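These notes are about the structure you will find just below.
The values are calculated or read from the model by the stated rules, or taken from the named source; none is laboratory data. If you're wondering where the values come from, they're calculated on a predicted model, not measured in any experiment. In this analysis, Cβ positions are derived from the backbone assuming ideal geometry, glycine residues included, and neighbour counts consider all displayed protein chains.
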């Protein structure tokens, strides 16, 4: 071992004659950072929950005050749950003035007021995602054979503010009686399906469509719900059969005229008893329903005057 190596600051450990372990001091900045973390942890343990003790834990000396769901003010030790309750309380208080404002305005005023319209877009969107999107999809486009599209101009029960509000409040249960069996035979249903498709300009058998026209306005009594011109009846939720918009029969996905006829025949034969939308009056407040109505009508863009 050389004299120069002996003078260096080492631990005295040597391997393979010349491999030494140095004993250099830690940088001052690193030591101060380490000491600060210790001080920080002590301060943190004093104010916030930390170490488990027995069946509990050190709760700390920090407190937080909030109002619970019943409006009773409560002070407790700091915790993430208490912080969440306080944040939710503050959010409700912040939103209350907007809900009160919207509650006092007409739907037309809400649409033209920039502040109210902005709140409808944000808060209404959140309500829609929580309560409506599972069926109508996040953008309101709906789902074939399950939930209608809320972004187009086709409204089974009417698309005015009042009708949309009524639908959200009370829910809907659409029913179409089956025509198969005793009412109409398979050939008659085939004719009727051709006629229904002809109303939307689809390629059909002209003779069958003509026979279906007679059935629609006669023996099949379809006109009693859908109207003599097949324009539908929003009072009872009877669909417009002339607007090329389909919900229960997936005509757009059918690749051939025969498959389109088959899709319509299936609906006519079996009828419908699944167009159910639940009532929201026990789930949402009147102000929330009004806000949601404005969102569906104005923001999604499918509402009618």
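If a residue counts only when it is more than 55 Å from the chain's Cα centre (by Cα), which strands (runs of 3 or more DSSP E) contained entirely in region 1-85 have at least 3 such residues?
10-15, 19-22
Could you figure out which of (1) within 24 Å of residue 91 (Cβ to Cβ); (2) not assigned by TED's automatic domain parsing to the domain that holds residue 87 isn't true of residue 67?
(2)
Just give me the residues in region 84-99 being surrounded by 11 or more Cβ atoms within 10 Å (Cβ to Cβ) and out of contact with any strand residue (DSSP E or B) (no Cβ under 6 Å at 6 or more places or on another chain), in sequence order.
To start, the set of residues in region 84-99 that are surrounded by 11 or more Cβ atoms within 10 Å (Cβ to Cβ) comprises 84-90, 92, 95-96, 98-99.
Correct list: 84, 87, 88, 90, 92, 95, 96, 98, 99.
Which residues, counting only those in region 253-293, are without any contact (Cβ under 8 Å) to a residue 24 or more places away in the chain, in the same structural domain as residue 199 (by TED's automatic domain parsing) and farther than 28 Å from residue 183 by Cα?
255
From 201, 187, grab the single residue that is on the phi > 0 side of the Ramachandran plot and surrounded by fewer than 14 Cβ atoms within 10 Å (Cβ to Cβ).
Values: 187 fails: on the phi > 0 side of the Ramachandran plot.
After ruling out the rest, the residue left standing is 201.
Have a look at 209, 228 and point out the one that is surrounded by fewer than 14 Cβ atoms within 10 Å (Cβ to Cβ), at pLDDT 95 or above and more than 26 Å from residue 131 (Cβ to Cβ). If you could, list the steps in order and put the result at the bottom.
Working: 209 fails: surrounded by fewer than 14 Cβ atoms within 10 Å (Cβ to Cβ).
Result: 228 is the single residue among 209, 228 that is surrounded by fewer than 14 Cβ atoms within 10 Å (Cβ to Cβ), at pLDDT 95 or above and more than 26 Å from residue 131 (Cβ to Cβ).
One line per residue, one yes/no per condition, for (1) in contact with a helix residue (DSSP H, G or I) (Cβ under 7 Å, 6 or more places away or on another chain); (2) not in a loop (DSSP other than H, G, I, E, B):
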site: 231; (1), (2): no, no
site: 247; (1), (2): no, no
site: 250; (1), (2): yes, no
site: 254; (1), (2): yes, no
site: 260; (1), (2): yes, yes
site: 265; (1), (2): yes, yes
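So which residues in region 137-169 are farther than 22 Å from residue 235 by Cβ and in contact with a strand residue (DSSP E or B) (Cβ under 7 Å, 6 or more places away or on another chain), if there are any at all? Can you show your working first?
Here is the first cut: in region 137-169, the residues farther than 22 Å from residue 235 by Cβ are 137-141, 143-146, 151.
Matches in region 137-169: 137 only.
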